[in-house]
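Colleague: The structure that follows is given in the form of structure tokens.
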Amino acid sequence: MFAELDRLLEPVPLAARSWRLAADTPLQGWPRLVALGRGEGEAEERRRVRVEVTFAVDEAGEPVMTGRLATTLRCICQRCLEEMELALVAEPKLFFGPVARLGAAAEAGGFEACEPEPGATLRQVLEDELLLSVPAFPAHADGKDCGPLAQKLAALEAPAGGDGSGSPFAVLAGLKRKN
């Protein structure tokens, strides 16, 4: 079943057949995602990428693809600098026809024009979609989930002396007044 992901992407014939794919594949088969994540070992080997895609023909007769992709990566939280689990979800809506034919209905439906490079596989296009869902600065959803380093930094940023100001410039101004 995973071979379907690695065949040459041909949207027109796939859309003509209303082709669907539902798969649960090992993360190790997605090299650019693996390169982003941190971690090795047995737990990493069990990580999966869930794929559900459907090809169809739109009202103008052009091929479109909709889907849902989900996985989890281990990465570094940019707030506390500790490892965290980052859930990635992408819901691509791709239009494979000429950009000039991207109709108002397709645009209103949230479809995005896609012109894959010659020789691209479905896996590569889907991996691109997952990569686009990675935040520039991954961080725990809630600061309370951050580790001890973030807590120490928060304590340092707390206002000293109850003046209500946590600004470093206010601290400097206070030091200047004391001297």
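Colleague: Quick one: how many residues across segment 124-136 are under 22 Å from R50 (Cα atoms) and either aromatic (F, W, Y) or exposed (fewer than 13 other Cβ atoms within 10 Å of the Cβ) (or both)?
Modeller: Looking only at segment 124-136, we keep the residues that are under 22 Å from R50 (Cα atoms), and these are 124-135.
In the following step, the residues that additionally are either aromatic (F, W, Y) or exposed (fewer than 13 other Cβ atoms within 10 Å of the Cβ) (or both) were identified as 132, 135.
Number of matching residues: 2.
Colleague: I've got another one for you. Given the criterion in contact (Cβ under 8 Å) with a residue 24 or more places away in the chain, surrounded by fewer than 16 Cβ atoms within 10 Å (Cβ to Cβ) and of a type in the set (D, E, K, R), identify the matching residue among R74, R50. First the steps, then the outcome.
Modeller: Details: R74 fails: surrounded by fewer than 16 Cβ atoms within 10 Å (Cβ to Cβ).
So the residue among R74, R50 that is in contact (Cβ under 8 Å) with a residue 24 or more places away in the chain, surrounded by fewer than 16 Cβ atoms within 10 Å (Cβ to Cβ) and of a type in the set (D, E, K, R) is R50.
Colleague: Same structure, new question: Return the residues of segment 77-129 that are touching a Leu at 6+ places or on another chain (Cβ under 8 Å), touching a residue at least 60 places away in the same chain (Cβ under 8 Å) and among the charged types (D, E, K, R); say none if nothing qualifies.
Modeller: E82, R123, E127, E129
Colleague: Check A70, A22, A60 and return the single one that is out of contact with any Pro (no Cβ under 8 Å at 6 or more places or on another chain) and at pLDDT below 95.
Modeller: Details: A70 fails: at pLDDT below 95; A22 fails: at pLDDT below 95.
Going through A70, A22, A60 in turn, just one is out of contact with any Pro (no Cβ under 8 Å at 6 or more places or on another chain) and at pLDDT below 95: A60.
Colleague: OK, next. From the residues in segment 1-24 that are farther than 21 Å from G119 by Cβ and part of a strand (DSSP E or B), which one is least open to solvent (accessible area, probe 1.4 Å)?
Modeller: In this case the residue turns out to be A23.
Colleague: Here's another thing I want to ask about it. If a residue must be of a type in the set (F, W, Y) and surrounded by fewer than 16 Cβ atoms within 10 Å (Cβ to Cβ), how many such residues does segment 53-71 contain? Before you say what the answer is, go through the steps one by one.
Modeller: Looking only at segment 53-71, we keep the residues that are of a type in the set (F, W, Y), and these are 55.
Retained after the next criterion (residues that are surrounded by fewer than 16 Cβ atoms within 10 Å (Cβ to Cβ)): none.
Of the residues in that region, 0 qualify.
Colleague: Please find, within segment 77-105, the residue that is modelled with the lowest pLDDT out of those that are open to solvent by 20 Å² or more (accessible area, probe 1.4 Å) and touching a Phe, Trp or Tyr at 6+ places or on another chain (Cβ under 7 Å).
Modeller: Step by step, filter segment 77-105, then rank; the result is L102.
Colleague: Ok, one more. Picking from A108, A139, which residue would you name as being modelled with pLDDT under 90, among the hydrophobic types (A, V, I, L, M, F, W, C) and more than 24 Å from V49 (Cβ to Cβ)?
Modeller: The unique qualifying residue is A108.
The values are calculated or read from the model by the stated rules, or taken from the named source; none is laboratory data. Quantities reported herein were computed from a predicted structural model and do not represent experimental measurements. All Cβ positions, glycine included, derive from the backbone under ideal geometry; neighbour counts span all protein chains shown. These area figures cover heavy atoms from the full protein model, side chains too; ligands, DNA and RNA do not enter into them. Shrake-Rupley method; radii C 1.70, N 1.55, O 1.52, S 1.80 Å.
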